[in-house]
Each structure stands twice: as C-alpha cells, then as structure tokens.
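Student: Here it is: the structure, laid out below.
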Amino acid sequence: MVKMSVTTTLRDSGRRRARSWATAALAVTLLLLGTGQTASGAAQTPRGHAAHALNVTDTARLHNVKSPGSQLVDEGTATGTLPGTVRVSFNLGATVAADFTIYAHGWSIVGHGSGVLHSSKSKSDVYVSFGGTMAVSHGTGRYAHAHGQGGFYGVINRTNYAVTIQTTGTLSY
C-alpha cells in the first residue's frame, strides 16, 4: 500500500508541474499577442483585411473607338459577375495582346490578356476569334488589392472592329 501512495503522489506532482508549465506558456503567448511581438522578440507585421475570392464570368460587348495601325481601342459594357464599363487596348498580330480596365461606381480592375488569333478558313470571313489567358494585376476601391487569373476568349468583327470578349477565372481581393 505504501508503494501505491508514493507512486500516486509522484504522478500528481508531475501533473501539477505540467499544468504549471502549460499555464506559463499560455500566459507568455497571450502577453506576446497583446504586445505585437513574436516568440523571437520581433514585431509582427500588421495583418491586412481578410482576402475574398470570387469566381468570375463576364461578357463584354465593345465598339471601336480608334484603330491606329495594328492597335484597336474598344469600349463598351460588361455583364456578369462584375458588371461595368470596359476599355480595352488590343495589339493584333499572330497573337492578341490586350490591356483592360473594367470600372463601375467606386472601383476599377486592371489587367492584361493574351491569346492566339485563330486563322479563318477564308479571307472573306468577317469574324475572327481568339483564345488565351488573362491576369488581373490591381484595382481600386473595394478591389484595391485585386489579383487573379483566368481565361480570355473573344471574337473580332473585321469590318467595324467591334469585339465581344468573355473572361472566366478567379479574382482575389
């Protein structure tokens, strides 16, 4: 019987010591969180706002504003997840490169797209299509920290340079 009580006393003493260490560790952690320090003593960087992710599918119908050389500048409206006004500057060659801005009241999103221009079966075809990728680099307003990527598809009317574009992808902000 004596052995059992000594073992029990040692076991209880070990538990008290473990609880004491756990309490001390919790107190130090809470203290560091309250002072903005890490365990190494370095100051923590302030945390930004919580990031949001949005699956986006938009279609823009654009009309030509000007077309100097192989560059097209088109404007129009976008419908879908992020409706607004769109301005796109296209450079046409074997590939299509485009810088775009979509904006609405209080915000804007800026990015770049590129894709392969698909050859038409006949030079008399009025429409030519393209497909590729796009990336959002930044924005303003609620989308100030916007970034993302996705698909970039479209059709160009070769007689009046009107363009229809569809974008799909994920936007984080």
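The values are calculated or read from the model by the stated rules, or taken from the named source; none is laboratory data. The model shown is predicted, which means the values in this text are computed figures rather than measured ones. Every residue, glycine as well, gets a Cβ built from its backbone with ideal geometry; the counts of neighbours run over all protein chains shown.
Student: Has the range 127-135 got at least one residue that is farther than 28 Å from Ala51 by Cβ, of a type outside the set (Gly, Ala, Ser) and modelled with pLDDT under 95? It would help to see each step written out before you state the result.
Tutor: Let us first name the residues in the range 127-135 that are farther than 28 Å from Ala51 by Cβ, namely 127-131.
From what's left, of a type outside the set (Gly, Ala, Ser): 127-128, 130.
Subsequent filtering for residues that are modelled with pLDDT under 95 retains 127-128.
Yes: one or more hits.
Student: Also: If you check Gly93 against the conditions, is it under 22 Å from Ser129 (Cβ atoms), touching a Lys or Arg at 6+ places or on another chain (Cβ under 6 Å) and either at pLDDT below 90 or assigned by TED's automatic domain parsing to the domain that holds Ala144 (or both)?
Tutor: Working: under 22 Å from Ser129 (Cβ atoms): yes; touching a Lys or Arg at 6+ places or on another chain (Cβ under 6 Å): no; either at pLDDT below 90 or assigned by TED's automatic domain parsing to the domain that holds Ala144 (or both): yes.
For Gly93, the condition - under 22 Å from Ser129 (Cβ atoms), touching a Lys or Arg at 6+ places or on another chain (Cβ under 6 Å) and either at pLDDT below 90 or assigned by TED's automatic domain parsing to the domain that holds Ala144 (or both) - is not met.
Student: Next question. Please determine, by comparing only the residues of the range 81-108 that are surrounded by fewer than 18 Cβ atoms within 10 Å (Cβ to Cβ) and in contact with a His (Cβ under 8 Å, 6 or more places away or on another chain), which one is farthest from Asn157 (Cα to Cα).
Tutor: Selected residue: Asp99.
Student: Another question, if that's okay. Out of curiosity, is Gly139 over 26 Å from Thr159 (Cβ atoms) and in a strand (DSSP E or B)?
Tutor: yes
Student: Within the range 85-117, which residues are more than 14 Å from Ser70 (Cα to Cα) and among the aromatic types (Phe, Trp, Tyr)?
Tutor: Listed by number, the residues that qualify are Phe100, Tyr103, Trp107.
Student: What is the one condition in (1) closer than 21 Å to His52 by Cβ; (2) among the aromatic types (Phe, Trp, Tyr); (3) at pLDDT 95 or above that Phe152 does not satisfy?
Tutor: Condition not satisfied by Phe152: (1).
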